[in-house]
Structures are given as C-alpha cells and as structure tokens.
1. Would you work out the relative contact order for region 23-112, in percent, from Cα pairs under 8 angstrom that are 6 or more residues apart?
2. Take SER110, SER120 and order them by how many other Cβ atoms sit within 10 Å, fewest up front.
3. Mind giving me the nanometre distance, one decimal, between the label points for ARG49 and TYR94, set 7 Å out from Cα along Cα→Cβ?
4. Once you put a point 7 Å from the Cα of THR118 and another 7 Å from the Cα of TYR22, both along the Cβ direction, what distance in nm separates them?
Amino acid sequence: MRLMCLTLFVALTAMAQVDPEYVVPKKNPFATPADLKNGQQLFMGQCARCHGSKGEGGRGAVLAQPRLRHAPDDESLFMVIRDGIKGTEMPAGYAVDTRETWQLAAYVRSLGRMAPETVSGDAKHGQELYRTKGRCAQCHINGGQGGSLAPSSRKSARAAAPPICAQRFSIRRRHYRKIF
C-alpha cells in the first residue's frame, strides 16, 4: 500500500511539474485579469502560508515590493517559482504547471505594484517605543542596533510588517498603528 501511494505521488508530481526543456520567455505571457485571479487563488493555497496573504512576509520573504532580490524580472521570477531558491526554505513549485507558474508570477508582481500604506505618527515617540516598551530591538535591527532574528525594522516598515509584529507579540493593532 505504501509503495502504491508513493508511486502515485511521484507520478502526479511529475505530471504537474513544469517541463525542464521549456524555454522561458523574458516577459510573462499570462498576465490577463483572469490569469491574475487564478494566480491569486494559487498564491493563497500554496504561498500565503509563508509569504502572507498580501505578500507582507513572515516565514517567507516579503513580496509586496517593486523589486525582488532573487527575481528582478519576469523570467527570473518564473525560475524562482519553478526551481525554488537553493539554501533557503523556498521550495520548487512542484504542484503547478507552466501556465500556473506564470499566473503565480503575474500575481506576485501585482503585489509589488500596490500603493504603500501611509502611516502617520510621531517618529521620535516611535523611536522611543522601539527601544523600550515595544521591545522591537530584541529581534529587529535598526541603525546598527538590535537583534538579528527578524528583518531590519526599516525593511519591515516598508513592507507593511508592523501588523505581523502586532499579532505575534500581542500588541494591540490599533495602539501599534497609532505609534508608527
């Protein structure tokens, strides 16, 4: 029974994989509104767990930014989704075919085109909270000071990560947003 299940799993995985002989075009051929919608559904089912439902990051990289370090163009984004990133937790997209990989890429690109959220507040007060009550420096580094368990607080702020911190550390969102 185990052997049969393993064989079936391998066969289904092989059928769903992107053809390794596929010549990847420079520009995404599947970027229609329908492709974006399907890409969003695929993202929610396969990527949001690590990258957050809006690409805000978490266990995985922040995708809601105009330029991605490992995927500055459509071709490289396709390759990252298809092949993963060696030495990281980013797996290969073994459960999606070529078209779905492009649809995911189109959706991921759309995340970086969303307008950043403007947050009002008192920067000096925020700095004080960062160092003291907020205990942000225990994990985040800012201006060369702090820990290294989480991304730079400057990078997190640009990527709309404060709500994640608020959830994880039980700081009330309303209060947290007022601070930053």
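1. Over region 23-112, the number comes to 40 percent.
2. Lowest count first: SER120, SER110.
3. Label at ARG49, label at TYR94, 1.3 nm between them.
4. Modelled inter-label distance: 4.1 nm.
Each value in this text was obtained by applying a stated rule to the coordinates, not by laboratory testing. Everything numeric in this text was worked out from a predicted model, so none of it was measured. Quick reminder, even Gly has a Cβ in these numbers, built from the backbone with ideal geometry, and neighbours come from all protein chains shown.
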